[in-house]
Amino acid sequence: MTAVNPATAAPSRVQTPLKRFVVEFLDSRVAVLGLVVLVLIVSSALFAPWIAPQDPYDLSKLDIMNGMLSPGSADMDGNLFWLGSDEQGRDLLSAILYGLRTSLLVGFSSTTVALAIGLMVGMIAAYAGGSLDAAIMRLVDIQLSFPAILIALILLAVLGKGVDKVIIALTAIQWAYYARTVRSAALVERRKEYVEAAQCLALPRQRIVLRHLLPNCLPPLIVVATVQVAHAITLEATLSFLGVGVPVTEPSLGMLIASGFDYMLSGEFWVSLFPGLALLVTIVSINLVGDQMRDVLNPRLQH
Amino acid sequence: MTATTSSRAAVPLPAPGSATPMLELSHLTKRFTTKLDFAERLAKRLGAKVQEFDVRAVDDVSLAIAPGEVVGLVGESGCGKTTLGRMVAGIIPPSSGELIYRGRPMAALPHDEARQATLKIQMVFQDPMASLNPRLRVSEIIGEAPRVHGIVSRNEQADYVASIMRKVGLDPAYAARFPHQFSGGQRQRIGIARALAVQPDFLVCDESVAALDVSIQAQIINLFMELRRDLGLTYLFISHDLGVVEHIADRTVIMYLGRVVEVAPSAELFTKPNHPYSRALLDEAPRVDTRKRTFAPIRGEIPSPLDPPAGCAFHPRCPLALPRCRSERPSLREIAPGRLSACHLNDMQ
Amino acid sequence: MTRQEAVLEVEDLRTYFFTRGGVAKAVDGVSFTLHRGEILGLVGESGSGKSVTGMSVLGLVDPPGRIVGGAVRYHGEDLVTAAEKRLRQLRGSRIAMIFQDPMMTLNPVLSVETQMVETVLAHDRVSRSEARERSREALARVGIPSPDERLAAYPHQFSGGMRQRVAIAIALLHRPDVIIADEPTTALDVTIQAQILFEMQKLCRETGTALVWITHDLAVVSGLADRIAVMYAGRIVEIGSAVEVIDGARHPYTHGLLGSVPSRNRRGEPLAQIPGMTPSLLNLPEGCAFRPRCPRATDACFALPPLSDEAHGWRCFNPQGAVA
């Protein structure tokens, strides 16, 4: 509604775009809930070595006698297994916390690297135009027309197992999304009058791209990135579930789910269920945050 | 304003007399073309209706603007006035023809001087929001270019920005704010301040008051006139609003479909328009002082620039069109001292 | 044609927007009467509440906006309290709306014929061929050449001016009693605007349709409207016949607006200008909202002035003498 345009108000106090973003973000209770849960998950994953009852990677601490304990039961020494244990006697809560570390590490780092690559490639495509633009965008199209999981499987088959390999594979399948988003954002922004004004002021081209164009292309990218983190975590889980992702010695959530899968129908549901729930809650909270960011940063909804 | 008055009389087109024009547009043309890519060529071969298009958005426009003069440029959508303004401001290059700044062709200037000349011609845009980078503070929007070009040092920037802000009627206390915190009129003042900060002597105003509320419009028009008086600025004032142009411009240029159809001192043009299109525009522009009346519009639509009519582009809508107008394009000729018009009817008198 | 028959009476209409920043009184006590065949120009700047007034009449205000008081009477029937079903029945048939952007009315993926025929059938039980015939007539009436061919076309195949004509033709399908037009010619070129004004004027004269023409441009309504209402910050500050308002403006705001029009000033002289800027609706000055910008304001203006008269009235304690 044009009737209520805050811009017609006399400027009251200095309000940075960031402050405005924060205020508007906090408007949605669901999103705030998502954010709180996400912060809890991330910090518990970060501090896993201090809060987890057990180090699940230290094979010497594991006792095969404690295998498949049901949730809430204790071992001979009286150590409580809140969420039960898996076949090797790993405390599931500890495994989930450590698994989250791997999952989040893979999700965030592959997204960050892919974002950087996509940003650069997309900007070049938008600014250069012509045949270079066409070549880049066709490459992007081809990549996006393959199922992501297929490309990742092929890459991992070539590269072998390992957290770093998974990150490389996930980066390789994600950059194209960013390249496309950045390019379309940059093409829109380029036509805006403030860019023309910068040209008119004879500012160096590099300056126009980095100081004027780039910061204004970021909002849609941030939104895509949040959703992509969730996507990357799911992909990693899928890959690990299929057995081509992280090594068995450093189980991620996907691998935990996979290892409990065989017991699902024999009543020992917890080995798969709890890592699955952890994955679900993580993904949902990231998406809640991402959705609200999209609403707040959507230029069409801004005044 | 006597200097202006004399120069106004002395600068018809092409500029005769002694004074070098501040800016001369010589046969400026801008064509927009697209070549078909591979897929489109294939589609065409298969019978799809794809075409290469070739639009002359601006077609052979020549104009000399004297120092201190305000030239109004009027026309409807698709007439090329915005494209012409962008070319003059150096945002898009002309397809052919040249811009001559103080007697020297811009294209032939060495790099450094070319940049200086570009800075001397600045632009004030239409949309007060889109023309300001939303992520920069006002101090940076105004102060960036003068700092980058060495007009002021980093230390002097704050004082310099404050002085420019005062000049355009903004409180320097707001320098740390962002564009969205200002009203439309204030944002337009920021846009003007940004242009003034590089010390131009020529301003291209492209519909610079069109997006503003009526009561704010008057404030900005007054500011333009004040700046002209104080800084001796020269203007190319592009607008669809005849009332505004009549008020502010010494000379008015009317464009239709990429070409100039009439040039005349404003006082004469608005009382005795020569070209039938100018007359139609003047008759149909709503005016506060017209009472309840019956509108009697000219017929027809503005033709697409993709497919302009042959001969005089206005002939399909012209109530006075002759058979000749359909085939032969009238040239822009002098019909009285300082007045030009492109109409065959002038040959009949 | 009896001019005295009131088609639409708006009385003390109040539409507020309940936003995070507070309550914005977009429309705050607006009253006017519209007679058969009459053209009312509703003039105001952005944020004056002119568009919201139009939307309120049709019950089209979206949250966080809400009509909180007053009445909109169509032939005596109050629309504010009417059921949504009844409103839907009236909208598009008895009371039509035209927007600045014709694509608000037009569906880009349907042909003009489909849209028009559907509109006819939505309110009237007639055969398809009759509906088509009526659509053709409506297109012809707004000056669209070769309406038979144009019926088959899609909205994107029309120019901006033609699209607006189609939107107007759709509004006319049911020969409405009232048309509310919100800045329908603002985005159009001068010569095209003149054509549309011409068609609308003819239409009101011939069919007796009453028209509310919402605009920011005094010049447009001075040649078109019978009566003019000037809005400022949610209130009508002056209302009267077009001649009275334009030639004898009494409210300092109307007076200031008229004074700032370039053609009312001597060429090259500074324009008379209204100082300051439009106040925020969230933070309106006490009493007369124009007070901080008004050259004639006195202490009395801290109270809200009443509208002085129905015929030619103004909300001001210190009205201007008639303009020479």
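Being in contact with a Phe, Trp or Tyr (Cβ under 9 Å, 6 or more places away or on another chain) and within 12 Å of another protein chain (Cβ to nearest Cβ) is a description that applies to C:I39.
Which of the following residues is of a type outside the set (S, T, Y), in contact with a Gly (Cβ under 7 Å, 6 or more places away or on another chain) and either buried (at least 19 other Cβ atoms within 10 Å of the Cβ) or free of Cβ contacts under 8 Å to residues at least 24 places away in the same chain (or both): C:P275, C:P292, C:P252?
Working: C:P275 fails: in contact with a Gly (Cβ under 7 Å, 6 or more places away or on another chain); C:P252 fails: in contact with a Gly (Cβ under 7 Å, 6 or more places away or on another chain).
Just one listed residue meets the conditions, C:P292.
Restricting A:L201, A:L218 to residues that are modelled with pLDDT of 90 or more and within 14 Å of chain B (Cβ to nearest Cβ) narrows the list to A:L201. So which of C:R73, C:R20, C:R66, C:R36 ends up being under 16 Å from the mean Cα position of the chain (by Cα) and basic (K, R)? Only one candidate qualifies: C:R36. In summary, C:G268 fulfils each of the numbered conditions (1) at positive phi; (2) touching a residue at least 12 places away in the same chain (Cβ under 8 Å) with the single exception of condition (2).
Scan region C:67-78 for residues that are surrounded by 14 or more Cβ atoms within 10 Å (Cβ to Cβ) and either at pLDDT below 90 or more than 19 Å from C:L34 (Cα to Cα) (or both) and jot them down. Spell out how you get there, then give the answer.
The initial filter retains those residues of region C:67-78 that are surrounded by 14 or more Cβ atoms within 10 Å (Cβ to Cβ), namely C:67-74.
Passing the criteria: C:I67, C:V68, C:G69.
Every residue in region A:182-191 that is within 13 Å of chain B (Cβ to nearest Cβ), over 22 Å from A:F21 (Cα atoms) and in contact (Cβ under 8 Å) with a residue 12 or more places away in the chain, please. Within region A:182-191, A:R190 is the sole residue that qualifies. Among the conditions (1) surrounded by fewer than 20 Cβ atoms within 10 Å (Cβ to Cβ); (2) within 12 Å of chain B (Cβ to nearest Cβ), the only one that C:F302 does not satisfy is (2).
Residue-level analysis places C:K25 among those that are more than 18 Å from the chain's Cα centre (by Cα), modelled with pLDDT of 90 or more and more than 25 Å from C:M200 (Cα to Cα).
If B:D127 satisfies all but one of (1) more than 25 Å from C:Q273 (Cα to Cα); (2) under 23 Å from the mean Cα position of the chain (by Cα); (3) within 9 Å of another protein chain (Cβ to nearest Cβ); (4) charged (D, E, K, R), what's the number of the condition it fails? Status for B:D127: all satisfied but (1). A:I41 meets the stated requirement of being away from every other protein chain (no Cβ under 14 Å), within 23 Å of A:D295 (Cβ to Cβ), touching a helix residue (DSSP H, G or I) at 6+ places or on another chain (Cβ under 8 Å) and in a helix (DSSP H, G or I).
Per-residue answers, yes or no, for (1) more than 14 Å from chain C (Cβ to nearest Cβ); (2) outside any loop (DSSP other than H, G, I, E, B):
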position	(1), (2)
B:C79	no, no
B:T82	no, yes
B:G85	yes, yes
B:G90	yes, no
B:E98	yes, yes
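For residues in region A:24-53 being in contact (Cβ under 8 Å) with a residue 40 or more places away in the chain, out of contact with any Phe, Trp or Tyr (no Cβ under 7 Å at 6 or more places or on another chain) and closer than 19 Å to A:W82 by Cβ, which is surrounded by the most Cβ atoms within 10 Å (Cβ to Cβ)? Filtering first and then ranking leaves A:A45.
Listed conditions (1) at pLDDT below 90; (2) away from every other protein chain (no Cβ under 14 Å); (3) under 18 Å from the mean Cα position of the chain (by Cα) are all met by B:G338, apart from (3). Where helices (runs of 4 or more DSSP H) fall entirely within region B:236-328, those with at least 1 residues that are at negative phi, modelled with pLDDT of 90 or more and surrounded by fewer than 20 Cβ atoms within 10 Å (Cβ to Cβ) are at B:266-271, B:276-284, B:323-327. If you go through region C:216-243 and keep only what is under 25 Å from C:R291 (Cβ atoms) and in contact with a strand residue (DSSP E or B) (Cβ under 6 Å, 6 or more places away or on another chain), you end up with C:L218, C:I228, C:A229, C:V230, C:G234, C:R235, C:I236, C:V237, C:E238, C:I239.
Residues are listed down the side, and each one gets a yes or a no for (1) small (G, A, S); (2) in contact (Cβ under 8 Å) with a residue 24 or more places away in the chain; (3) away from chain B (no Cβ under 14 Å); (4) in a loop (DSSP other than H, G, I, E, B):
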| position | (1), (2), (3), (4) |
| --- | --- |
| C:V126 | no, no, yes, yes |
| C:E130 | no, no, yes, no |
| C:R150 | no, yes, no, no |
| C:I170 | no, yes, yes, no |
| C:A194 | yes, no, no, no |
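Taken together, C:L13, C:L60, C:L8 contain a single residue that is buried (at least 23 other Cβ atoms within 10 Å of the Cβ), closer than 27 Å to C:A167 by Cβ, in contact with a strand residue (DSSP E or B) (Cβ under 9 Å, 6 or more places away or on another chain) and within 14 Å of another protein chain (Cβ to nearest Cβ), which is C:L13.
Can A:G160 be described as among the small types (G, A, S) and either in contact with a helix residue (DSSP H, G or I) (Cβ under 9 Å, 6 or more places away or on another chain) or within 14 Å of chain B (Cβ to nearest Cβ) (or both)? No, not satisfied. None of C:S31, C:S111, C:S93 is among the polar types (S, T, N, Q) and within 27 Å of C:A242 (Cα to Cα) except C:S31.
The values are calculated or read from the model by the stated rules, or taken from the named source; none is laboratory data. Keep in mind that what you see is a predicted model, and the values were worked out from it rather than measured. Cβ atoms come from the backbone with ideal geometry, glycine included; neighbour counts cover every protein chain shown.
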